[in-house]
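Since the structure comes first, as structure tokens, the remarks are kept for the end.
Read-outs: derived from the displayed coordinates by stated rules, not from any lab. None of these values were measured; they are calculated from a predicted model. Reconstructed Cβ throughout: ideal geometry from the backbone, glycine too, with neighbour counts over all protein chains shown.
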Amino acid sequence: MMNGIFSAKLVKFGLVGISGMVIDFGVTWFCKEKIRINKYIANSTGFTCALINNYLLNRYWTFTSAGTPMAYQFTKFLIVSLIGLGINNLLLYLFVKNTKYNFYLLKLCVIGIVFIWNYSANLLYTFH
């Protein structure tokens, strides 16, 4: 039973993550390519927009924890996400600096790595 719940939450978290990734990539691309702001600021802006989307979907759908005070829970989600953003930007910086791969391909790889951190920390800390 616990495995089924774990799997369902993981799938939901993944689907929420995909919606956040679309938002993240869209906003990052728009800021970097159309507004022409620094790629790391664009990356952080995309991340922030996805953060708000992901918190709301995870609160009400993935973990169904609407009974917890929103400000308290969002603060925990924000802490986990800011650590994730730090990991995201650090890895992105290192990959961009040390490889010749496309920025967006590297960003996709980094998102996959940070997904593991985000899911584990939110399951065990934010929505526990």
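Along Cα→Cβ, 7 Å out, is where each label goes; now give me the distance between the ones at TRP61 and ILE113 in nm to one decimal.
Placing both labels 7 Å beyond Cα along the Cβ direction yields 2.8 nm.
Within 15 Å, Cβ to Cβ, of LYS39, how many net charges do the neighbouring residues add up to if Lys/Arg are +1 and Asp/Glu are -1? Walk me through the intermediate numbers first.
Details: positive: LYS32, LYS34, ARG36, LYS97, LYS107; negative: ASP24, GLU33.
Computed value for this residue: +3.
If you plug each phi of segment 106-121 into the Karplus form 6.51 cos²θ - 1.76 cosθ + 1.60 with θ = phi - 60°, what whole-Hz ³J(HN,Hα) values come out, in order, with x for Gly and Pro?
Karplus values, whole Hz, x for Gly and Pro: 5, 4, 4, 4, 5, 4, x, 5, 5, 3, 4, 4, 4, 5, 4, 5.
So how far apart, in nm, are the two label points at LEU82 and ARG36 if each is 7 Å from Cα heading toward Cβ?
Computed distance between label sites LEU82 and ARG36 equals 3.3 nm.
Starting from the Kirkwood Rh over alpha-carbon pairs, what translational D in µm² s⁻¹ does the chain have by Stokes-Einstein at 10 °C and 1.306 mPa s?
On the way: Rh = 15.1 Å.
For the chosen part, D equals 105 µm²/s.
What does the helix-only formula give at 222 nm for the chain: each DSSP H stretch with n ≥ 4 adding -39500 (n - 2.57), the total divided by the residues, and the result rounded to the nearest 500 deg cm²/dmol? Display every interim value, and only then the final one.
Values: 4 runs with 95 residues, N = 128.
Rounded to the nearest 500, it is -26000 deg cm²/dmol.
What FRET efficiency comes out for the pair SER19/TYR93, r = Cβ-Cβ distance, R0 = 35 Å, nearest 0.05? Spell out each step's value before the answer.
Numbers: r = 26 Å, r/R0 = 0.73.
For SER19 and TYR93, the calculated efficiency is 0.85.
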